[in-house]
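Below is one structure, written out as structure tokens; the observations come after it.
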Amino acid sequence: MRQLYEVWDIIPGRKVDATVEAVIDDWEGFRVLLRDYATNRMLRIQFESHIAYQNRDESDFLGEVSRSDGLGNGCFYKVKNSEYLLRFQADSFKDINLTHYAIFTEMDCIDVLAAMEPTLTLL
């Protein structure tokens, strides 16, 4: 079954194209800082309950497109039938309810497995 990318509407009613400024995983938690092209404002996406994440080079995006449906509508998605989630569950022997969030920009492909919806802050 192919992966299905559903648009993750982080700012309701507005498509957001952004670039990654920082990926931070420290004692304050895991967060991604992005710059919105349209407004030049910074966005912070904070995952309180992330279980795993990966940050891949943008060249991996080409392979993702060939194996998936629904890409091409911005850079924020929730992934159904996720290969990453299935691989994580098989490797960790954990079968907990997680959502696969994907952030695709011109330079980065960030995948996050989390138990709860992250919070968005406009900086």
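The values are calculated or read from the model by the stated rules, or taken from the named source; none is laboratory data. On a predicted model such as this, the values are computed, not experimentally measured, just so you know. Cβ placement follows ideal geometry from the backbone for every residue including glycine, while neighbour counts extend to all protein chains displayed. What goes into the accessible areas is simple: the full protein's heavy atoms, side chains included, and nothing from ligands, DNA or RNA. Shrake-Rupley method; radii C 1.70, N 1.55, O 1.52, S 1.80 Å.
Is one or more of the residues making up the range 77-84 at pLDDT 90 or above, in a strand (DSSP E or B) and among the polar types (S, T, N, Q)? Among the residues of the range 77-84, not one is at pLDDT 90 or above, in a strand (DSSP E or B) and among the polar types (S, T, N, Q), which makes the answer no. For the range 1-10, a residue qualifies if it is within 16 Å of residue 121 (Cα to Cα) and surrounded by 15 or more Cβ atoms within 10 Å (Cβ to Cβ), and the qualifying residues are 8, 10. Taking the criterion of being among the small types (Gly, Ala, Ser), assigned to a loop (DSSP other than H, G, I, E, B) and either under 15 Å from residue 24 (Cα atoms) or at pLDDT 95 or above (or both), would at least one residue in the range 102-120 satisfy it? Among the residues of the range 102-120, not one is among the small types (Gly, Ala, Ser), assigned to a loop (DSSP other than H, G, I, E, B) and either under 15 Å from residue 24 (Cα atoms) or at pLDDT 95 or above (or both), which makes the answer no. The residues of the range 32-46 that are without any contact (Cβ under 8 Å) to a residue 40 or more places away in the chain and of a type in the set (Lys, Arg) amount to a single one, 35. Scanning the range 82-108 for residues that are open to solvent by 60 Å² or more (accessible area, probe 1.4 Å), among the charged types (D, E, K, R) and out of contact with any helix residue (DSSP H, G or I) (no Cβ under 8 Å at 6 or more places or on another chain) turns up 83, 87, 91, 106. Within the range 1-30, the set of residues being part of a strand (DSSP E or B) and either of a type in the set (A, V, I, L, M) or free of Cβ contacts under 8 Å to residues at least 40 places away in the same chain (or both) comprises 4, 7, 18, 20, 21, 22, 23, 24, 25, 26, 29. For the range 16-45, filtered to residues that are in contact with an Asp or Glu (Cβ under 9 Å, 6 or more places away or on another chain) and among the charged types (D, E, K, R), the residue that is surrounded by the most Cβ atoms within 10 Å (Cβ to Cβ) is 31. Residues that are at pLDDT 95 or above and among the β-branched types (Val, Ile, Thr) within the range 33-51 comprise just one, 45.
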